[in-house]
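Here, each number is a calculation from the coordinates, and none is a lab measurement. All figures in this text were calculated on a predicted structure; none of them were measured in a lab. A quick note on method: Cβ atoms are made from the backbone with ideal geometry, for glycine too, and the neighbour counts reach across all protein chains shown.
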Amino acid sequence: MTFKKGQSGNPAGRPKGIVDHRLRYRKELDESAPKIVATLLQKALDGDVACLKICADRIIPQLKASDAAINIQFSGDLTEKGNQVLEALGAGELSPGEATTVMASLQSQSRLTVADDLVRRIEKLEETANGGH
């Protein structure tokens, strides 16, 4: 089915001039905002925990994770490095987020190491199968 140029595909559609209900509600909220905020603050001051939380969330934003460099001196194989991360976490030298990031990096490194090892093994097998040529 094709539509003719200049003819609506929905002739009985939305009538012109109707205000989107979301815009109407936004306007009503904007007009009532000072009273809503005053009520929220008063309830928070009266000890309403939910209102206190709303106010605190707006006044004191949540901390974002920092991407500061961390200095870890690794030694040993990947398992030992993982243990060192866990020890640093337990000693408070790394935050849980930092430890998670470092462990994910070690896991990625492990996958790269396995892939490199497989490539070397396959190349060696192919060389042996071709008579060393």
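Remarks
- Cα centre as origin, Lys/Arg/Asp/Glu Cβ charges: the chain dipole, Debye: 1520
- Residue (of L45, A99, F3) at the positive-pole extreme of the chain, dipole from beta-carbon charges: F3
- Helical content of the chain, expressed as a calculated mean residue ellipticity at 222 nm, amounts to -21500 deg cm²/dmol (DSSP H runs of 4 or more residues, -39,500 (n - 2.57) each, divided by residue number, nearest 500).
- Over the chain, Cα pairs under 8 Å with separation of 6+ residues give a relative contact order of 10 percent.
- Relative packing of peptides 100-107, 68-75 - highest average C-beta neighbours within 10 Å first: 100-107, 68-75
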